[in-house]
Amino acid sequence: MNNKKPTLELKKVVKSFKQGGQTLEVLRGIDLDIMPGEVIALVGPSGSGKSTMLQIAGLLDRPSGGDIYLDGQNCSKLGDAMRTSLRRDYLGFVYQYHNLLGDFDATENVVLPQLIAGVSMKEAREKAQWLLSRLGLEKRLKHRPAELSGGEQQRVAIARALANTPKLLLADEPTGNLDPRTSETVFSELISIVKETHLSALIATHNFDLAGKMDRCVRLENGKLVDLRAAAFVSENNFYQ
């Protein structure tokens, strides 16, 4: 009998916006469970609400209705301070654009979130250097973002997202700004570390090949989630519809 709790549960999540006197319904009752160690691809056309869904799952935005559970805890009604604490300790974020701090080198960009979480400088620096080396940046530890390629910058962003050992990684088109070859390399490194550390991950992507390498694929369409089941069996036809 499996007694594991889902890392993330979305229950009947609704999100709407007021626009020009009308109500725009972006999410219409989203249900999703992600189990420990599971990597799920989130697909759908541009404008379908994938980023909105990730923002809500990551406690960066509040739903208009429904509940968000992290490791069994209902986070829907929590105050801002507790939500900030959970984002720091429980969640990791990777975006299409790396958003690195330009005045700091690669190591420092990965050290800073750990210091905020209360980790010692020595431990934070060791963890940062280990992660960056694991991502192939052992010779770029002292380079600032402007001195790194796009793929290298995204590797630093991935290391930063993993620095505080989150239970859940949320990624919004993490390789969408990279060329195909670099995208494949960075994605493979990301998935390898996620699997080795038994994280859960929800990754929004437009890349059919990358989605097919994840455990499961869900498609957001008309504000609803359609479960495409095992990602390896997703066809290009139902992926893009």
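The values are calculated or read from the model by the stated rules, or taken from the named source; none is laboratory data. Computed from a predicted model, the values in this text were never measured in an experiment. FYI the Cβ positions are ideal-geometry reconstructions off the backbone, even for glycines, and counts take in every protein chain you see. Ligands, DNA and RNA are excluded from the accessible area calculation, which covers all protein heavy atoms including side chains. Shrake-Rupley method; radii C 1.70, N 1.55, O 1.52, S 1.80 Å.
What does the charge dipole of the range 137-180 about its Cα centre add up to, to the nearest 20 debye, if the Cβ of each Lys and Arg holds +1 and the Cβ of each Asp and Glu holds -1? Write down the numbers at each step before the final one.
Details: 7 positive and 6 negative charges, 61 e Å.
Value, rounded to 20: 300 debye.
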Beyond a 32 Å Cα-Cα separation, which of these cross-linked pairs lie in this structure: Lys5/Lys224; Lys77/Lys127; Lys5/Lys213; Lys195/Lys224; Lys5/Lys139; Lys11/Lys213? Lys77/Lys127; Lys5/Lys139
How large is ³J(HN,Hα) for each residue in the range 140-149, as worked out from phi by the Karplus curve 6.51 cos²θ - 1.76 cosθ + 1.60 (θ = phi - 60°), to whole Hz, x for Gly and Pro? 10, 4, 9, 8, 7, x, 5, 9, 10, 6
Between Leu112 and Lys11, the two model label points (7 Å from Cα along the beta-carbon direction) sit apart by a distance in nm of 3.8
In order over the range 106-120: 3J(HN,Hα) from phi, Karplus 6.51/-1.76/1.60, θ = phi - 60°, whole Hz, x for each Gly or Pro, gives 4, 4, 5, 5, 8, 6, 3, x, 6, 5, 4, 7, x, 7, 5
FRET efficiency for Lys122 and Lys213 from the Cβ-Cβ distance with R0 = 35 Å, rounded to 0.05, comes out at 0.45
What is the percent carbon and sulfur in the accessible area of the chain, measuring with a 1.4 Å probe over the protein chains and ignoring ligands? 51
Be a star and scan the range 4-30 for residues whose amide nitrogen sits under 18 Å from the point 7 Å along the Cα-to-Cβ vector of Glu221. 26-30
For the range 80-100 versus the range 34-71, the gap between their alpha-carbon centres in whole angstrom: 13
What full-extension length gain, to one decimal in nm, is calculated for Tyr97 and His206 as 0.36 nm per residue of separation minus the Cα-Cα distance? 37.7 nm
Checked the range 144-196 with the C-alpha gyration tensor, a ≥ b ≥ c its square-rooted eigenvalues, rounded below a/c of 1.5, otherwise prolate if a/b is larger than b/c and oblate if not; verdict oblate
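How high is the FRET efficiency between Met82 and Ser192 when r is their beta carbon distance and R₀ equals 30 Å, given to the nearest 0.05?
Working: r = 33 Å, r/R0 = 1.08.
According to the calculation, E is roughly 0.40.
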For the range 1-97, what class follows from the C-alpha gyration tensor (a ≥ b ≥ c being the square roots of its eigenvalues): rounded when a/c is under 1.5, otherwise prolate if a/b is larger than b/c, else oblate? prolate
What do you get for Rg/Rh over the range 110-235 if you use C-alpha atoms and the Kirkwood form of Rh? 1.01
Distance in nm between Leu60 and Asp179 label points, each 7 Å along Cα→Cβ, equals 2.8
Give me the Debye-computed log₁₀ of I(q)/I(0) at q = 0.11, 0.13, 0.18 Å⁻¹ for the chain, equal point scatterers on Cα only, no solvent, two decimals. -0.57, -0.80, -1.41
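Classify the range 72-183 from the C-alpha gyration tensor, please: rounded if a/c falls under 1.5, else prolate or oblate depending on whether a/b exceeds b/c. Working shown, then result.
Details: a/c = 2.22, a/b = 1.39, b/c = 1.59.
Oblate, since a/c reaches 1.5 and b/c is not below a/b.
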Integer Hz, Karplus 6.51/-1.76/1.60 couplings in order for the range 178-191, x for Gly and Pro: 10, 5, x, 5, 5, 4, 4, 5, 5, 5, 4, 5, 4, 5
